[in-house]
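To start, the structure itself, in structure tokens.
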Amino acid sequence: MAKTDIGPQTVLYPLPTALVSCEDVAGRRSIITISWTGICCSTPPMLCIGVRKSRFSHFIISSSRKFGLNLPTEDQVQIMDFCGNNSGRDIDKFSECHLTPVSGSKSGALLIAECPVSLECEVRHILELGSHDLFVAEITATYIDESVVDGGGKYIMEKLKPIAYMTKSREYRGGFSKSLGRYGEYKDHFK
């Protein structure tokens, strides 16, 4: 396959999408849509999010050092797009989107009740990178709606309905319920 060098690009795809909820000590709250995110450590469980310095949520997370990372479903794509394209400086996104703020049980980080999965996070490190700062946070609690897991605690993808973001086409994608195999299933395939 012939390939062309297109220069350095952010073409890692698909990217997960999350609604990051936060609140400062004065009670100002916001929700920002994030796709620059991922798990970065297993023990202790940690994730990272990249946030532009100009964003209101950056200010809140930097001062409070906690946030909720909430996973929306395909049915919530309009909420996700709205929260990613409007500033929390000007509006209350919880009210506008008819979302219920809930405090986490560990740090009190703000979570979104309507999302089926919410991770309560405490910031451990902030790395200045360029256009974005990277917040590295410990996951202190995970809250899962029982309707999206089976009896063994495994996610039911048909109910979870995660959303992915495609950077170059700037579109949201869904339909990730088809299984392609399990970890270790093909470990001897090429021997």
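Charges only on Cβ, +1 for Lys and Arg, -1 for Asp and Glu: so what's the dipole of the stretch 87-127 about the Cα centre, in debye to the nearest 20? Walk me through the numbers before you get to the answer.
Values: 4 positive and 6 negative charges, 36 e Å.
Its charge dipole is roughly 180 debye.
Hey, how many Å between the Cα centroid of the stretch 9-53 and the Cα centroid of the stretch 168-191?
23
Tell me the relative contact order for the stretch 15-173 as a rounded percent, counting alpha carbon contacts under 8 Å between residues six or more apart.
Working: 346 pairs, mean separation 41.0, N = 159.
Once normalised by length, the contact order is 26 percent.
Summing +1 for each Lys or Arg and -1 for each Asp or Glu, what net charge is found among the other residues whose Cβ lies under 13 Å from the Cβ of ASN86?
Values: positive: ARG55, ARG89, LYS93; negative: ASP81, ASP90, ASP92, GLU96.
Charge balance near ASN86 sits at -1.
How far is it, in nm, from the label point at LYS191 to the one at ALA26 when both lie 7 Å from their Cα along the line to the Cβ?
Once both label points are built, they end up 6.2 nm from each other.
When the chain is fully extended, how far beyond the present Cα-Cα distance does LEU12 get from ALA113, taking 0.36 nm per residue of separation? Numbers along the way, then the final one.
Working: separation 101, 0.36 × 101 = 36.36 nm, distance 2.97 nm.
Between LEU12 and ALA113, full extension yields 33.4 nm more.
Can you compute 3J(HN,Hα) from phi for each residue in the stretch 109-115, using the Karplus curve 6.51 cos²θ - 1.76 cosθ + 1.60 with θ = phi - 60°, rounded to whole Hz and x for Gly and Pro?
Values per residue, Gly and Pro as x: 4, 6, 10, 10, 4, 6, 7 Hz.
With r defined as the distance between the Cβ atoms of SER95 and GLU171 and R0 fixed at 35 Å, what FRET efficiency is calculated, to the nearest 0.05? Working shown, then result.
Working: r = 28 Å, r/R0 = 0.79.
Step by step, r from the Cβ atoms, then E = 0.80.
Over 10 Å intervals from 0, what percent of Cα-Cα pairs in the chain sits in each interval?
8, 33, 36, 16, 5, 1, 0
Between ALA109 and residues 5 or more places away or on another chain, which pairs have amide H atoms under 5 Å apart, with H built 1.01 Å from N, and which residues are they?
Result for ALA109 returns GLY104.
Compute a Gaussian network model of the chain, connecting alpha carbons closer than 10 Å, and tell me which residue from GLY108, GLY175, GLY153 fluctuates the most.
Of GLY108, GLY175, GLY153, the Gaussian network model singles out GLY153 as fluctuating most.
Return the subset of LYS66/LYS106; LYS154/LYS178; LYS3/LYS168; LYS66/LYS161 for which the Cα-Cα distance in this structure is over 20 Å, preserving the input order. Don't skip to the answer; put the middle values down first.
On the way: LYS66/LYS106 10 Å; LYS154/LYS178 15 Å; LYS3/LYS168 17 Å; LYS66/LYS161 26 Å.
Violating the 20 Å Cα-Cα cut-off are LYS66/LYS161.
For the stretch 64-70, just list the computed ³J(HN,Hα) in residue order, Karplus coefficients 6.51, -1.76 and 1.60, θ = phi - 60°, integers in Hz, with x standing in for Gly and Pro.
For the stretch 64-70, the Karplus curve yields 7, 6, 7, 6, x, 10, 10 Hz.
Please list, in chain and number order, the residues 5+ apart from CYS41 or on another chain whose amide H is under 5 Å from its amide H, with Hs placed from the backbone.
The list, which skips near neighbours in sequence, is MET46.
Computed from the coordinates by the stated procedures, all read-outs in this text should not be read as laboratory data. Computed from a predicted model, the values in this text were never measured in an experiment. Ideal geometry is used to build each Cβ from the backbone, glycine not excepted, and the neighbour counts take in all protein chains shown.
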